[in-house]
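The structure under discussion appears below in the form of structure tokens.
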Amino acid sequence: MKLSGEIQPRRFRPSPAMVVAVIALCMSMGGIGYAAGKIGSHELKVDAVKSRHIAGGAVTKQAIHRGAVVSAKLGNRAVTTAKLNDNAVKAGKLAGTVDGLNSVNVPANDTATTTVSCPAGAQALSGGYSTPQNGQVRVTRMRRTDDDSWTFAFRNTAAESRTVDARVTCLSG
């Protein structure tokens, strides 16, 4: 029974547009969850995910499977000294070394130039030389000329020819 002046609570009745909007919202949210659960690495195209798509720090050591990153997958100069932690590379992890040697006769009061190369497939790490003790033969230039060689220039100030040794140390294997 309704008394005059008494206020009855109003019952909420959504409009048809509101009902459609709520249904669409629920379906779209459910669809995202469904898709996220169904799309895996097998559904992605090769090279679909680029480094620009990955947030900084998102890929950690724990997220990478053992053996996933091998030297064949690294670009040239991808690993540099600046990117290595102190003591990250120990002697046992390095390949062996091999030396290349050229003995050169430097004529009296003249110069001689020689290039010492590494064996095939080896990379030049450093160069060195030995000259006679009397100091009459000096090295005037010593530099790495390629990934696998060093070039030397010698000056002999003696009245007779002198023999010098030019050496390159190479990383092998």
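We did not get these values from a lab; they are worked out from the coordinates using the rules stated. Everything quoted here is computed from the prediction, not taken from an experiment. Every residue, glycine as well, gets a Cβ built from its backbone with ideal geometry; the counts of neighbours run over all protein chains shown.
Overview of results
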quantity: Rounded to 10°, Cα long-axis angle of helix 16-38 versus longest principal axis of the chain; calculated: 30 degrees
quantity: Options Ala153, Ala122, Val20, ranked by Cα towards positive dipole end of the chain, top entry (Cβ charges); calculated: Val20
quantity: Disulfide-incompatible cysteines by the Cβ rule (no partner under 4.7 Å) in the chain; calculated: Cys26
quantity: Neighbourhood charge, 12 Å Cβ-Cβ cut-off, centred on Gln123 and excluding it, Lys, Arg +1 and Asp, Glu -1; calculated: -2
quantity: Estimated dipole of the chain in Debye, rounded to 20 [Cβ of Lys and Arg +1, of Asp and Glu -1, Cα centre]; calculated: 1160 debye
quantity: Shape category assigned to the stretch 102-153 from the gyration tensor of Cα positions, a/c cut at 1.5; calculated: prolate
quantity: For the chain, alpha-carbon Rg relative to the globular expectation (2.2 N^0.38 Å, N residues); calculated: 2.37
quantity: Which of Ala78, Val168, Leu44, positive extreme of dipole for the chain (C-beta unit charges); calculated: Leu44
